[in-house]
Amino acid sequence: MKVPLNWLRDYVDLPGSIAQLVERLTLAGLEVGGVRLIGLPPPQGLHVKQEDRGPVWPPDKIIIGKVLQVERHPNADRLTLATVEYGAGQPKTVVTGAPNLKVGDRGQKVIVALAGSVLFDGHADEKVLRELKPSKIRGVSSDAMVCSAYELGISDEHEGIILLEDDAPVGTPLAEFMGDIVLDIDVLPNMARCMSMIGVAREVAVLTEQTLRLPAAVLQAAGEDIEGKVQVQIEDPKLSARYAAALIQGTRIVPAPGWMQRRLTYAGMRPINNIVDITNYVMLEWGQPLHAFDYDKLSQRAGGKPTIIVRPARSGEKMQTLDGQLRELSPDNLVIADTVGPIAIAGVMGGADTEVSPSTTNILLESANFDFVSVRRTMKSFNLPSEASVRFSRGIHPETVRPAAQRAVELMRQYGGGIVCCGLIDCYPGSLRPKVVELETGEVTRILGIDISSDEITRTLRALEFQTEETGPGRLHVTVPPHRLDVHGSADLIEELVRIHGYDRLPATLLHDQLPEQVGNRSLELEEHVRDLLVNVGLQEVITYSLTEPSQETPLVGSQTEYVRLANPISSERVVMRQSLLASVLEIASSNLKHTEDIRLFEIGAVYLPRPGQALPEEPKRLAIVMTGNPAAESWEDGGKPGRELNFFDLKGVIESLTADLHLAQVSYRPSTIGHLHPGKAAELLLASQSVRHFGQLHPKVATHYGLGDQSVLVAELDLEAIMAKVPERFRFVPVPRFPSALRDIAVIVADMVSAEQVMAEIRIAGGDLLSDIRLFDLYKGESIPAGTKSLAFALSYQAADRTLTDKEVDKAHKKIEERLTRMLKAQVRGKE
């Protein structure tokens, strides 16, 4: 919210240091995101962004003047010569091309800039500051100019010069008359009460210990009684708690007074006319949106006395809104209607049929309270955010309806020349009871860790307009003011106390309460451990959406899969809950390949599997891995040769490292024929003969579907819950060996159908405790061995924990292995033919 400080001063006295005010507001929860300077230099100690600094208006160079006469330029049809007095010396004649100054005009109040002024150049393509220097324009000397809002840095409007109100004092420095500082405050949802000038003034008053001044509730009504001229009905008080209507007759539609237009402009709103500007002004002042109807148009529609009905729209109803759009309504939309049909979308936008126009004379003013959920839903469905709908959607108390209506009516009487009808139609079906909270002062100390006296608590709460009553030692009965919709319990009151006290003033203290018993979460701890292990082997974690679109997963899960579908998806690409974690990571890999050649990603997350007959799905945890690229960066040592691509065994190495570091037992692999993996380059991971899903090289057709090109892409999607279930709570520690190992190699010829895993299993059985390690280092198929066979070569390590093995012991153990392989697998030990 944009807060002009000169406007804020109407309600509270401000401290001398603006920098301290900005800091205090920010620490109290009203973060000042920016400060805009209008004609003034930066206050001392306050940092202002360069783009928020406009021209500085020197008091002796930019001043208020009065047009004495406007004559034709002798050498240019589109230029005129304006003679202006400015309260010092002789009047000046300036050359201007302003379209709102005509030959023969006189008496207008304008802004005069003398030579030496620095203003925005209205003729430059970019926004640049230039010093005004004496010059000749088409043969006529000019050492001053009359200014537009653009040149002064007020707005981007430079179609004409600024024409001030008739009572603007000639000779007054413009900085004194119009200069201002505007705070741009980021109002969070829990501070919605501060989306008004009075709301911000309340905070400033408390923080600076000043007195809040509210506008006088004066309503001079001299017209007929409003009873019998309009009727109001609310169908559902839950959707509209209160609706007030006032009638102003004989109004003139003219521009709003200059001071009001300036305040609206500085606050970010465009002035339109006195009626619309007054509704906007009061909305910014009180935080209560208003709407003005043309009463005569309402009467004409009704054929007499109009009846205002607040109700949900009927199915199929349509209405043209103020932006000229014909909108189809639904029962989810709350509308303001008469007996003919809708005339406004409640809290969002008015209707074109009852719009105030230049010919309007009689105004029906609406001040109402609407359900914030209904307004928010309608605002989102029609994509019609506005200052009014944003305020309604954050919640406004019904008690604000009446004072805002009275304030607007009085302003319309003053600046619209209307006669106010006596009375106010105020339909308030069920007034809300004041909210009461019990507060124990001891609880304040316990939560905050500091002592705040009962007197200080009472003073602070009363300054915030809470009513307090002491009901016993250390106990307060606190009545919440109507505008504080965010206060529900004692914790909210304590938050207010510390907010006003100052978070920055809280000392660092140790926790006084006893720590609760620490209970571990094994599944979460194991999940974090898996993350650490994968990062240690060079993978990067990604986090993807749980929502997807079915076609994105079809190559992995099939096209006939039933999904958990969203009733109201946020996007056409996020309509179902995912069933494959791998599909999400492949999307990320595809995007990253546009910027890099090496991808090594993993994600741990849930998939969502529907359960027949149950409302909620099963949510098993999965681990997805995607790798592609080169295992090492290019080097001069390669001789310019391209490096090899990552292959199946690189991925298998990652999985072997993971299973080893998790101390998993009975780990084995078998070939996989799952459809989305490359035939012959895929495997299934088994733990104690239980499958925990598949890994391998992605099938080229599937890789093309995900935009991964023709390179080798290694993927895995594993059942993380099944893996974690096999992780032992304790495992045997193996000390660093004290004695050296003995190394032997063995090469055997076995049938093609015999896997290396089977051979290694037999070697382990035969090697017993002396065999400490086994590693496959060669696979050979060729003419030198029989057809239908292969040669496997293994490196074996023999080691004892208590001694150095002799050659005789090693030879004996090695011979047992050779004999078992020959007997169990019909293997032929190479070199023993």
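Farthest towards the positive end of the charge dipole of region 64-158, among the residues 64, 112, 75, is the Cα of 75, using unit charges on the Cβ of Lys, Arg, Asp and Glu. Treating r as the C-beta distance of residue 130 and residue 214 and R0 as 51 Å, the FRET efficiency rounds to 0.70. Normalised by residue count, region 68-110 yields a Cα convex hull volume of 65 Å³ per residue.
Taking the Cα centre as origin and putting +1 on Lys and Arg beta-carbons and -1 on Asp and Glu beta-carbons, what dipole magnitude results for the chain, to the nearest 20 debye? Walk me through the numbers before you get to the answer.
Working: 89 positive and 110 negative charges, 217 e Å.
Using Cβ point charges on Lys, Arg, Asp and Glu, the chain gives about 1040 debye.
Residues whose amide H falls under 5 Å from that of residue 621, counting only those 5 or more places apart or on a different chain, are 721, with hydrogens built in the peptide plane.
Highest average first, the peptides 601-610, 752-761 ordered by how many other beta carbon atoms sit within 10 Å of their residues are 601-610, 752-761. Each of the peptides 575-584, 361-370 was scored by the mean count of other Cβ atoms within 10 Å over its residues; in descending order, highest first, they stand as 361-370, 575-584. Measuring nothing but alpha carbons in region 769-833 and taking Rh as the Kirkwood radius, the Rg to Rh ratio lands at 1.03. Going down the table (102/133; 808/832; 594/681; 681/701; 652/826; 652/681), which pairs top 22 Å between alpha carbons? Pairs exceeding 22 Å: 102/133; 594/681; 652/826. Here the Karplus relation 6.51 cos²θ - 1.76 cosθ + 1.60, evaluated at θ = phi - 60°, turns the backbone of region 40-57 into coupling constants of 10, x, x, x, 4, x, 10, 7, 10, 4, 4, 5, 9, 9, x, x, 7, 9 Hz, with x for every Gly and Pro. Each label was represented as a point 7 Å from its Cα along the Cα-to-Cβ direction; for residue 315 and residue 535 these points are 5.5 nm apart. Taking every protein chain into account, the 1.4 Å probe leaves residue 440 with about 90 Å² of accessible area, to the nearest ten.
In a fully extended conformation the segment linking residue 730 and residue 793 would gain 19.3 nm over its present Cα-Cα distance, using 0.36 nm per residue.
Working from label points 7 Å from Cα in the Cα-to-Cβ sense, the residue 340 to residue 722 distance is 7.0 nm. Residue-wise HN-Hα couplings along region 98-104, as the Karplus relation 6.51 cos²θ - 1.76 cosθ + 1.60 with θ = phi - 60° gives them from phi, are 4, x, 9, 10, 10, 4, x Hz; Gly and Pro carry x.
Full extension of the chain segment joining residue 665 with residue 77 gains 202.1 nm, where the gain is 0.36 nm per residue of separation less the Cα-Cα distance. Couplings 3J(HN,Hα) of region 441-450, computed from phi: 5, x, 5, 4, 5, 5, 7, 8, x, 9 Hz, in residue order, whole Hz [Karplus 6.51 cos²θ - 1.76 cosθ + 1.60, θ = phi - 60°; x for Gly and Pro]. Computed from the alpha carbon atoms alone, the convex hull of region 12-69 holds 146 Å³ per residue. Quick one: if the Förster radius is 56 Å, what FRET efficiency do residue 475 and residue 51 give, using the C-beta to C-beta distance and rounding to 0.05? The computed FRET efficiency comes out at 0.60. Using only the alpha-carbon atoms, how far is helix 401-416 inclined from the longest principal axis of the chain? Give it as 0 to 90 degrees, nearest 10. Result, in degrees: 50.
At a temperature of 37 °C and a viscosity of 0.692 mPa s, determine how fast region 313-455 diffuses translationally according to Stokes-Einstein, using the Kirkwood radius over alpha-carbon pairs as Rh; express D in µm²/s, rounded to the nearest whole number.
179
When its C-alpha radius of gyration is set against 2.2 N^0.38 Å (N residues), region 44-89 gives a value of 1.84. With semi-axes defined as the square roots of five times the eigenvalues of the C-alpha gyration tensor, the equivalent ellipsoid of region 4-141 measures 38, 17, 13 Å, largest first.
For region 720-830, the extents of the C-alpha atoms along the principal axes are 48, 45, 22 Å, listed from largest to smallest.
At a 1.4 Å probe radius, which order do 790, 133, 435 fall into by accessible area, largest first?
Numbers: 790 30, 133 130, 435 70 Å².
Most to least solvent-accessible, the answer reads 133, 435, 790.
Distance between the pseudo-spin-label points of residue 519 and residue 138 (7 Å out from Cα toward the beta carbon): 8.6 nm. The largest accessible area among 659, 673 belongs to the first residue in 673, 659, and the rest follow in falling order (1.4 Å probe, all chains). All Cα-Cα distances of region 584-704, cut into 5 Å bins from zero to the largest, leave 2, 9, 14, 19, 19, 15, 11, 6, 2, 1, 1, 0, 0 percent in each bin in turn. Would you mind checking the pairs 229/297; 66/127; 2/109 and listing those with alpha carbons more than 23 angstrom apart? As for pairs spanning more than 23 Å Cα to Cα, those are 66/127; 2/109.
Taking the charge dipole of the chain about its Cα centre, with +1 at Lys and Arg Cβ atoms and -1 at Asp and Glu Cβ atoms, the residue from 230, 521, 716 reaching farthest to the positive side is 716.
Under the convention that each Lys and Arg Cβ holds +1 and each Asp and Glu Cβ holds -1, the size of the dipole of region 442-519 around its Cα centre is about 140 debye.
Using the Cβ-Cβ distance between residue 233 and residue 106 with R0 set to 60 Å, the FRET efficiency from 1/(1 + (r/R0)^6) comes to roughly 0.65.
Legend: translational diffusion of the chain by Stokes-Einstein, Rh = Kirkwood radius over C-alpha pairs, 10 °C, 1.306 mPa s; D = 45 µm²/s.
Against the empirical curve 2.2 N^0.38 Å, the C-alpha radius of gyration of region 398-542 lands at a ratio of 1.77. Assign unit charges at the C-beta atoms only (+1 for Lys and Arg, -1 for Asp and Glu), then state the dipole size of region 608-764 relative to its Cα centre in Debye, rounded to the nearest 20. Around 380 debye, computed over region 608-764.
The values are calculated or read from the model by the stated rules, or taken from the named source; none is laboratory data. In this text the structure is predicted, and so the values were computed from the model without any measurement. With ideal geometry, Cβ positions are generated from the backbone for all residues, glycine too; neighbour counts draw on all protein chains shown. Each accessible area value is taken on the protein alone, full model and side chains, heavy atoms only, with ligands, DNA and RNA left out. Shrake-Rupley method; radii C 1.70, N 1.55, O 1.52, S 1.80 Å.
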